[in-house]
Amino acid sequence: MNKSLNFITLAIFAPVLILAGLAGFVIPADQSLTSGAPAYNIFHLIFGAIGLLLVLTRNELWLASFNFGFGLIDLYQAMASALHLPPEKYFLWTKVDDILHILIGLALVIIGVYGLFKLKTSRKEKQT
């Protein structure tokens, strides 16, 4: 079975989110390049679990929507860090977090939009 770009992306990204959340609890804050704030770690664990559940559904709309939406959340986090917006005081982002949020956020938005566009195009083709 051919797997979509959104499926492959989330099948890789969701476990990475879970590992990042776990690592945040294990690696001492003074030895980490990224934030080890408990709220930030829990955020990663929750969204990683949601991502894994969506991978199990194989629903293309949900996969593409998650990638797009989480990409926007990543971009917001980079902006929030720069502009000192919520949840900065709970997530305690570092410059490395900011760079990762921009790179991953842009990639996820592009991949998600691609998947949503592809779904829309295939639905139009089926109608004709």
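The values are calculated or read from the model by the stated rules, or taken from the named source; none is laboratory data. Note that the structure is predicted; figures quoted are calculated from it, not measured. So basically every Cβ, Gly included, is an ideal-geometry build from the backbone, and we count neighbours across all protein chains shown. Just the protein is used for accessible areas: all its heavy atoms, side chains included, with ligands, DNA and RNA removed. Shrake-Rupley method; radii C 1.70, N 1.55, O 1.52, S 1.80 Å.
Tabulated results
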read-out	value
Ser81 open to solvent by less than 20 Å² (accessible area, probe 1.4 Å) and either at pLDDT below 95 or not in a helix (DSSP H, G or I) (or both)	no
Residue selected from the range 1-45 under the condition polar (S, T, N, Q) and loosely packed, with under 13 Cβ neighbours inside 10 Å, by the criterion nearest to Tyr114 (Cα to Cα)	Asn2
Failed criterion for Val55 (all others in (1) β-branched (Val, Ile, Thr); (2) open to solvent by 40 Å² or more (accessible area, probe 1.4 Å); (3) over 12 Å from the mean Cα position of the chain (by Cα) hold)	(2)
Cβ pairs under 6 Å, 6+ apart, first in the range 48-68 and over 14 Å from Thr9 (Cα atoms), second of a type in the set (Lys, Arg)	none
Selected residue (criterion: farthest from Trp62 (Cα to Cα)) from residues of the range 96-128 that are of a type in the set (Ser, Thr, Tyr) and open to solvent by 70 Å² or more (accessible area, probe 1.4 Å)	Thr128
Residues of the range 7-42 classified as part of a helix (DSSP H, G or I) and in contact with a Ser or Thr (Cβ under 9 Å, 6 or more places away or on another chain), total	6
